[in-house]
Amino acid sequence: MDLAAADSPAATFVPLKDEAAGLDGVIALHSAALGPGAGGCRFWDYPTAEAAQVDAARLAQGMSYKNAMAGLPFGGGKAVLRKPSGGFDRAALFRAFGRAVEDLGGRYITAEDVGTTPFDMGCVAGQTRYVAGLPRAEGETGGDPSPWTARGVFISMKLAAEYQLGKPLSACSVAIQGVGNVGAALARLLALEGARLIVADVHALNAARTAEETLAEIVEPGAIVAAEADIFSPCALGGVLDRSTIPQLKARIVCGAANNQLATAQDGRALADRGVLYAPDYVVNAGGIINVAGEYLGWDAVSTANRVERIAMRLMSVLNHADEARLPTNLAADALAQQILADARAQEPAL
Ligand code: NAD
């Protein structure tokens, strides 16, 4: 398989192509300072190969930082697959993807992400052992990472509410954008805590299902950013916070599961200038990858759960660093992650 140099000097792209199986996409590998690239496989309607590649590169860098901040022995990697426009054999497509992962000999470890399921990872696992997120029995580490991602976002939100608003979640309103796997699980946790919920989803059925379970109010997808809420929780796709959406925010906290929530790094400054506490996405949404790591590395359920609980402590260290260094929280998190990667590189034996 050809390894093409990426635009970014720190990234490598592995093209994925198997016309017979309908496989068309790319694996992006970012820093390997802490270990092999680990990150999920996204299956989505990308209009062009370039769009898929740009997304893969950004997501892979996010995984380097996320794995570093979560204390995991993994580097950054992400697979992005373009959904075929016509009919296709899903199992055959994911088997072909599994063969491509196997060809990399362990440089990349895959799992679920947006658009992929434990069933898909089961198809991948027939071709390679470099995969996690497989169906698991109750109580075992592994399986669908979404509930763990939701748990990490939930405990982060709890901390952020006390830090920024001085009140518990039971006294907060939360606007959730996207109630798919993570957003719906998060809504359930918040409802149990007594938070008031507002939800929106482009799939009306998803919004209706969550509203029925949690008594959430439903608003149109276009209205969720500007909803009257204490906390805005992006749990759909990335790039939602930009020059046009940030001025609409009524919430004083942004804390959600979506990767790459800020359209640009400067948007972190724009949020800080508006007095909005931004809980950096890759710090708070690490529960899923911690669970994936636990499955892959054979940790038991208790130690995996304990590591997920430490996400709140890591968020606190980011908030403290932002405060001390007078940085927006996204840059404070990047600085801490880059320091971890630099320390790991410094420990590598010289060639
Ligand atoms: P999902 O596909 O199950 O859910 C996403 C939901 O968002 C869907 O219901 C979809 O209809 C909805 N949506 C899409 N665009 C929308 C829009 N413009 N407005 C409102 N709703 C919209 O995905 P997921 O697994 O729940 O992941 C959600 C986000 O969290 C993604 O960005 C993903 O990368 C990130 N994330 C997920 C995990 C995980 O464990 N699943 C881990 C880390 C990060």
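The values are calculated or read from the model by the stated rules, or taken from the named source; none is laboratory data. In this text the structure is predicted, and so the values were computed from the model without any measurement. Here Cβ is always computed from backbone atoms with ideal geometry, including for glycine, and neighbour counts include all displayed protein chains. These accessible areas exclude ligands, DNA and RNA; they are computed on the full protein's heavy atoms, side chains included. Shrake-Rupley method; radii C 1.70, N 1.55, O 1.52, S 1.80 Å.
Structural remarks
- Value in Å of the Kirkwood radius, where the range 16-115 supplies the Cα pairs that are averaged: 13.4
- Where only C-alpha atoms are counted, convex hull volume of the range 264-308 per residue in Å³: 70
- Of the residues LYS158, LYS167, ranked by 1.4 Å probe accessible area with the largest first, the sequence reads LYS158, LYS167.
- The chain: most fluctuating residue of ALA60, ALA175, ALA226 per GNM, C-alpha cutoff 10 Å: ALA226
- Rounded to the nearest 10 square angstrom, ASP242 shows an accessible area of 40 square angstrom against a 1.4 Å probe.
- Once backbone amide H atoms are built at 1.01 Å from N, VAL199 has ILE176, GLU217, ILE218, VAL219 as its partners under 5 Å, excluding neighbours fewer than 5 places away on the same chain.
- Taken over the range 300-349, the percentage of Cα pairs per 10 Å bin, counting from 0 up to the bin with the maximum distance, is 24, 35, 33, 8.
- With respect to the chain, whose longest principal axis is taken over its alpha-carbon atoms, helix 204-214 is tilted by about 50°.
- For the range 251-327, with all protein chains in place and a probe radius of 1.4 Å, 49% of the accessible heavy-atom surface sits on carbon or sulfur.
- Under conditions of 20 °C and 1.002 mPa s, the range 263-351 yields 146 µm² s⁻¹ as its translational diffusion coefficient, taking Rh as the Kirkwood radius over Cα pairs in the Stokes-Einstein equation.
- List HIS30, HIS321, ordered by accessible area with a 1.4 Å probe, largest first: HIS321, HIS30
- The three principal axes of the C-alpha atoms in the range 194-351 carry coordinate ranges of 56, 39, 28 Å, sorted with the longest axis first.
- Size of electric dipole in the chain: Cβ of Lys, Arg +1 and of Asp, Glu -1, about Cα centre, debye, nearest 20: 420
- Each residue of the range 261-274 is assigned a 3J(HN,Hα), and the resulting list reads 5, 7, 5, 9, 4, 5, 5, x, 5, 4, 5, 4, 5, 8 Hz, derived from the Karplus form 6.51 cos²θ - 1.76 cosθ + 1.60 (θ = phi - 60°), x at Gly and Pro.
- For the chain, the solvent-accessible area of protein heavy atoms averages 43 Å² per residue (probe radius 1.4 Å; ligands and nucleic acids excluded).
- Rounded to 10°, Cα long-axis angle of helix 90-103 versus longest principal axis of the chain: 70
- With the alpha-carbon atoms of the range 174-234 aligned to their principal axes, the span from lowest to highest coordinate is 27, 25, 17 Å, starting with the largest.
- The helix-only estimate of mean residue ellipticity at 222 nm for the chain, built from DSSP H runs of length n ≥ 4 each weighted as -39500 (n - 2.57), is -13000 deg cm²/dmol after division by the residue total.
- The angle separating the long axis of helix 146-160 from the principal Cα axis of greatest extent in the chain is about 40 degrees.
- Which of PHE88, PHE119, PHE232 is most accessible, then next, and so on - probe 1.4 Å: PHE119, PHE88, PHE232
- Shape analysis of the chain yields a ratio of the Cα radius of gyration to the Kirkwood radius, Rg/Rh, of 0.95.
- Note on the chain: with a GNM built from Cα contacts shorter than 10 Å, the maximum mean-square fluctuation among SER146, SER31, SER85 falls on SER85.
- Using the Cβ-Cβ distance between ALA265 and ALA92 with R0 set to 35 Å, the FRET efficiency from 1/(1 + (r/R0)^6) comes to roughly 0.30.
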